[in-house]
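This report refers to the structure that appears directly beneath it.
The values are calculated or read from the model by the stated rules, or taken from the named source; none is laboratory data. Being a predicted model, the structure only gives us computed values, none of them experimental. With ideal geometry, Cβ positions are generated from the backbone for all residues, glycine too; neighbour counts draw on all protein chains shown.
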Amino acid sequence: MLEIINEKISVVTKYDRIKGLVIPLRLHWQGKDFFIKKLAYYHRVRLGRNIQHIFHVTDGNMDFRLRMDSETLHWTLEEITDGTAD
Amino acid sequence: MELPINKNSPMIMHIDLNSCFATVEQQANMHLRGKPLVVAAYATPSGCVVSPSIEAKRYGIKVGMTVRDARLLYKDVIVRTPDPPLVRDVHIKFKKIFKDYSPNVYPRSIDEAIIDFSGMENYLNRTLGEIGKEIKQRLRNEIGEWISCSIGIGTNRFLAKTAASLKKPDGLEVITHNNLRDVYQKLTLIDLCGINKRFEARLNSSGIFTPIEFLDSPLPLLKNQVFQSVVGYYWYLRLRGWEIDDVIYARKSYGQDYALGKPTSDPHELAQIMMKLCEKMGRRLRKAEKAALGIHVACLYRDGTFWHRGRKFQTEMITTWELYRKALYVFNQQPERKIVAKLSISCYDLIPSKKSQISLFDVPQDKERKVSAALDAINDKYGDFVITPALMLGMKDLAIDRIAFGGVKELEDLYEN
């Protein structure tokens with residue numbers, strides 16, 4: 001099931017200098033910590049001159065779509081899905 | 001004189017991402033992998049399926065079905081709507097990989113591309129089959145482990161595409177003069193790319209029922225009787241592996257389509273949609289530094305009927321407002337007002353915008369264009385539709401971002417961004 005969230009969240013990240021990529025490790029949402037097991041896909045979206053970084057990650061139970069605004073450095077949890085039909 | 005089958009080494013590679021929209025969605029969302037999933041234009045029951053996953057195809061779900069029909073075939077099918085930025089990103093990444101192998105890469109659509117290795121025979125120290133295997137591996141390593149593609153290799157684009165469709169998903173097939181007849185033997189006429197039901201009926205009426213019979217048909221039969229045009233000659237060459245489709249067409253128009261989620265005949269609602277389509281079209285037109293002299297409006301009505309009209313004007317159109325005014329003028333020429341299910345607007349007869357003349361008498365036109373340029377600059381900086389005409393207020397979810405089917409020209413805009 002897909003759920004649109006669009007809430008600001010706290011994220012712990014690491015920077016991988018080999019891949020040249022910021023990887024989310026843990027996210028804090030609704031009082032809970034979710035430990036990221038895998039970054040499934042990363043891409044960028046342009047909003048005018050502002051670049052938004054989109055991270056599709058999973059903690060093994062759910063998939064999360066995160067957006068990091070490069071101008072404000074805010075993280076937003078855009079949607080979650082558990083892979084079941086709506 | 002009869003033309004033989006092309007016996008040259010196959011140097012054209014066709015690459016087709018399998019179930020592109022659905023596979024990309026599964027790549028991004030690991031919990032969707034291995035499950036029947038469809039990407040549909042709308043998630044509503046009447047939404048049209050644009051891409052079923054490989055797993056959904058096993059239940060008989062096909063492109064063009066409604067979500068309702070897909071659920072009849074598999075009730076727990078997962079439905080998602082397209083994510084254009086995600087799919088465009090995959091397209092840019094795969095094109096970048098292909099460019100490592102040949103400077104001649106031609107995207108055919110968002111999920112298909114041709115790599116032309118012609119003239120590179122002396123530089124390739126391995127077979128195209130080996131290169132194909134490497135490309136498959138690189139797509140998995142560099143884009144995502146769930147991404148798979150079918151690759152076809154042939155002496156022309158047609159045979160390469162045919163080869164790519166022989167084994168799906170994840171195939172790699174080569175068609176040469178040695179196996180050409182064997183391949184045709186296993187196919188039907190409508191398996192051939194470019195032959196639809198109507199062409200099949202036309203071929204049938206001339207006694208051609210199989211691809212082998214099509215291949216063995218003499219040129220005069222194809223040219224004078226079946227197709228009654230030069231198209232028959234093109235097919236004669238194409239089927240024998242000679243290249244006829246390596247044509248790059250110049251852009252002649254800019255256009256936008258919108259299939260209405262809720263068909264309507266309300267003039268205000270349709271005017272709003274027209275304004276948004278004109279704004280999108282105008283932004284692309286102005287970015288290319290073009291102006292248009294003609295405008296074309298087409299309506300597909302809910303009852304299945306169709307109306308369209310194009311008009312050329314003496315003054316060129318550059319701004320959204322100019323395009324909208326002329327589009328509305330053409331739109332209002334409909335003989336009767338019916339419920340519109342799909343609206344298309346395009347502008348044609350393009351000229352460089354720098355050549356356009358400012359009217360001596362129509363001073364507001366100059367002001368309008370300056371305002372339009374300023375608005376474009378603001379939207380370039382802060383994002384599309386940050387400033388819009390008032391008519392577009394409250395229509396954020398209407399005429400949303402989409403990827404055109406087979407839109408090769410649309411991809412040009414993508415590479416420029």
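Here is how the numbers come out for the structure above:
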{"quantity": "The listed residue being more than 16 Å from the chain's Cα centre (by Cα) and within 14 Å of chain A (Cβ to nearest Cβ), out of B:76, B:69", "calculated": "B:76"}
{"quantity": "Top-ranked residue of the stretch B:79-114 - restricted to ones that are within 14 Å of chain A (Cβ to nearest Cβ) and in a loop (DSSP other than H, G, I, E, B), ranked as farthest from residue B:132 (Cα to Cα)", "calculated": "B:81"}
{"quantity": "Among the candidates B:125, B:156, B:204, B:141, residue that is among the polar types (S, T, N, Q) and not assigned by TED's automatic domain parsing to the domain that holds residue B:29", "calculated": "B:204"}
{"quantity": "Answer residue from the stretch A:58-78, given it is charged (D, E, K, R) and more than 20 Å from residue B:36 (Cβ to Cβ) and is nearest to the other protein chains (Cβ to nearest Cβ) among those", "calculated": "A:65"}
{"quantity": "Pick from the stretch B:27-44, criterion facing chain A (nearest Cβ under 9 Å) and polar (S, T, N, Q), ranking: farthest from the chain's Cα centre (by Cα)", "calculated": "B:29"}
{"quantity": "Matching residues, the stretch A:38-61, being touching a helix residue (DSSP H, G or I) at 6+ places or on another chain (Cβ under 7 Å) and not charged (D, E, K, R)", "calculated": "A:40, A:41, A:43, A:45, A:48, A:56, A:58"}
{"quantity": "Residue in the stretch B:252-266 that is exposed (fewer than 15 other Cβ atoms within 10 Å of the Cβ), closer than 19 Å to residue B:346 by Cβ, touching a helix residue (DSSP H, G or I) at 6+ places or on another chain (Cβ under 8 Å) and modelled with pLDDT under 95 present", "calculated": "no"}
{"quantity": "Any hit, the stretch B:236-244, residues being touching a residue at least 40 places away in the same chain (Cβ under 8 Å), touching a helix residue (DSSP H, G or I) at 6+ places or on another chain (Cβ under 6 Å) and acidic (Asp, Glu)", "calculated": "no"}
{"quantity": "Residue A:55 in contact with a Phe, Trp or Tyr (Cβ under 6 Å, 6 or more places away or on another chain) and facing chain B (nearest Cβ under 10 Å)", "calculated": "yes"}
{"quantity": "Residue match in the stretch A:15-31 (condition: at the interface with chain B (Cβ under 9 Å from one of its Cβ atoms) and surrounded by fewer than 16 Cβ atoms within 10 Å (Cβ to Cβ))", "calculated": "no"}
{"quantity": "Within the stretch A:2-44, tally of residues that are in contact (Cβ under 8 Å) with a residue 12 or more places away in the chain and under 27 Å from residue B:383 (Cβ atoms)", "calculated": "21"}
{"quantity": "Failed condition for residue A:50, given (1) more than 8 Å from chain B (Cβ to nearest Cβ); (2) in contact with a Ser or Thr (Cβ under 8 Å, 6 or more places away or on another chain); (3) under 25 Å from residue B:379 (Cα atoms)", "calculated": "(1)"}
{"quantity": "Residue among B:70, B:43 that is over 21 Å from residue B:163 (Cα atoms), at pLDDT 95 or above and assigned by TED's automatic domain parsing to the domain that holds residue B:168", "calculated": "B:70"}
{"quantity": "Residue match in the stretch A:7-14 (condition: in contact with a strand residue (DSSP E or B) (Cβ under 8 Å, 6 or more places away or on another chain) and within 14 Å of another protein chain (Cβ to nearest Cβ))", "calculated": "no"}
{"quantity": "Unmet criterion (only one of (1) in contact (Cβ under 8 Å) with a residue 60 or more places away in the chain; (2) among the basic types (Lys, Arg); (3) more than 22 Å from residue B:155 (Cβ to Cβ)) for residue B:108", "calculated": "(3)"}
{"quantity": "Residue check, residue B:134 loosely packed, with under 15 Cβ neighbours inside 10 Å, in a loop (DSSP other than H, G, I, E, B) and not small (Gly, Ala, Ser)", "calculated": "no"}
{"quantity": "Close pairs (6 angstrom Cβ cut-off, 6 or more residues apart or separate chains): within 14 Å of chain A (Cβ to nearest Cβ) in the stretch B:369-380, of a type in the set (Val, Ile, Thr) anywhere", "calculated": "B:375/B:387; B:378/B:387; B:379/B:386"}
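A quick yes/no check of all residues on (1) of a type in the set (A, V, I, L, M, F, W, C); (2) at positive phi; (3) in contact (Cβ under 8 Å) with a residue 60 or more places away in the chain:
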residue	(1), (2), (3)
B:53	no, no, no
B:56	yes, no, no
B:65	yes, no, no
B:68	no, no, no
B:73	yes, no, no
B:78	yes, no, no
B:82	no, no, yes
B:93	no, no, no
B:97	yes, no, no
